[in-house]
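Contents: one structure, followed by commentary.
The values are calculated or read from the model by the stated rules, or taken from the named source; none is laboratory data. Note that the structure is predicted; figures quoted are calculated from it, not measured. Note: ideal-geometry Cβ built from the backbone for every residue, glycine included; neighbour counts use all protein chains shown. Just so you know, the surface numbers come from the protein's heavy atoms only, side chains and all, with ligands and any DNA or RNA stripped out. Shrake-Rupley method; radii C 1.70, N 1.55, O 1.52, S 1.80 Å.
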Amino acid sequence: MTTAQTKLRGAISALALSLSLGAALPAAAQDLTPVTFGNPTSISISLAPLIFARDAGYFKDEGLDVEVLEFKGTGVLLPQIVAKRVDIGYPNPDALIISRQPGKEHLPLKFFYDVTRVSGWEFVVPADSEIQTIADLKGKTLGVGAMTWGNIPITNALLAESGVGEDIKMVPVGVGGPAFLALENGTVDALNLFDTQHATMEAAGTEIRRLDMGAKYTGLFSNSFIAHEDTLAEKPEVLAAFGRAFAKATVVCDENPEVCVKTFWEAYPNQKPSEGTEEEKLASSVTVMTSRTAKFSDFQGGEELYGAFPREGWENFIEVLHTGGQLDSTEIDVDSLYTNDLVEQINDFDKAALRSEADAM
């Protein structure tokens, strides 16, 4: 039995005991605050820390009962948060930034935890490709998931700044097998997909190389935690508790990714690889998971503060979206987009002790 399983079973036993002694416990000790979490897509192993926080009891330790919901896109998720039917969401920043343009409808939302601290989008080429830089893509064919994907304006901005401009053929290749095949057989010269897709290619044995996007574009944070402005004003302690539990799980998954993967498999057994030995399945899943979760703790040499947004990142995002044609104006109130007010509470735990505990799992 894994340590994660032992801990989960121990939590169940403790819960059973608390129920049997319920009459002797004060009501506050039995009650958990319900929290709904909305993901803009189906849950994948890239969010394994969230599932670990839920199933290893970290949310319950913070007094929260978290329900995880799945949605079909940010455009479906955000209205649910605006209507307060979902407490916390995990979207990209683009939609909120666009809503802050002069004359646009103000979405009463604000980000409170920087989860994916660096860009999840990448440019990759075969390991032996002659292409060495983004500028070398001039005159080449670039495979993207779809022309409607949210990263396209950012990709266009980067290509423009790199001197490629429109002298490139961009074609939709989808994700998974079709995209990988397009790169392998030379239909496209490079792929511009997200990190876990490229890590999946590597785990399957395809040798690829990532192109340097430069500090400004690499530093564009991605999916992060957002909440209604009223929730931030009225229930900041709930959001801080959620963030703290997630930060704790992130530390554990960094220190012991194997136990994090195994806990995720217990919740989503259909996402466990079907081929290979147990060791090979675990190794490939760790590769895919950490291609994203490593970004949750990438502080770019700065202070280790989980959830803290850099103001410069927001300013860069606004500039890039303007260059990419998504914004008519850069006159946007940056302070209306995010808050770091909860960062101190989110980081109020002993990281060193937790790392030691994770090592022992």
On the accessible surface of the range 203-334, probed at 1.4 Å with all protein chains in place, carbon and sulfur together account for a percent value of 45 percent
Calculated FRET efficiency for the pair residue 215/residue 304, C-beta based, R₀ 25 Å, to 0.05: 0.80
Mind ranking 292, 85 by accessible surface for me, highest first, 1.4 Å probe? 85, 292
If ligands, DNA and RNA are left out, what is the accessible area of residue 281 with a 1.4 Å probe, given in Å² to the nearest 10? 30 Å²
Protein-only accessible surface order, largest first, of 268, 90 at 1.4 Å: 268, 90
Go ahead and run the numbers for FRET between residue 148 and residue 33, Cβ-Cβ distance against an R0 of 41 Å, rounding to 0.05. 0.65
How much of residue 207 can a 1.4 Å solvent probe reach, expressed as accessible area in Å² and rounded to 10? 140 Å²
The answer for the net charge of residues other than residue 232 whose Cβ lies under 10 angstrom from its Cβ, with Lys and Arg +1 and Asp and Glu -1, is -2
Obtain the nm distance between the two label points defined at residue 294 and residue 138 by a simple spin-label model: each point lies 7 Å from its Cα along the Cα-to-C-beta direction. 3.1 nm
Under a straight-distance cross-link criterion of Cα-Cα below 30 Å, which lysines are reachable from residue 140, leaving out those fewer than 8 residues away in the same chain? 169, 216, 295
Principal-axis tilt of helix 3-20 within the chain, Cα atoms, nearest 10 degrees: 40 degrees
Simple SL model, points at 7 angstrom along Cα→Cβ for residue 41 and residue 271; separation in nm is 1.1 nm
What lysines sit close enough to residue 104 to cross-link, taking a C-alpha to C-alpha distance under 21 Å and skipping anything fewer than 8 places away on the same chain? 84
Under a crude label model (7 Å from the Cα following the beta-carbon direction), how far is residue 359 from residue 279 in nanometres? 2.4 nm
Using a 1.4 Å probe, how large is the accessible area of residue 218, given in Å² and rounded to the nearest 10? 50 Å²
Expressed as a rounded percentage, what relative contact order does the chain have, with Cα pairs under 8 Å and six or more residues apart? 26 percent
Probe 1.4 Å, accessible area per residue of the chain, Å²: 45 Å²
In whole percent, and with a 1.4 Å probe on the protein chains, what portion of the accessible area of the range 50-137 is carbon and sulfur? 48 percent
Of all DSSP beta bridges with both partners in the chain, the antiparallel percent, nearest 5, is 40 percent
Counting sequence-distant residues (5 or more places) and residues on other chains, those with an amide H built under 5 Å from that of residue 65 are 33, 35
Fluctuation leader among 261, 252, 82 - the chain, Gaussian network, Cα springs under 10 angstrom: 82
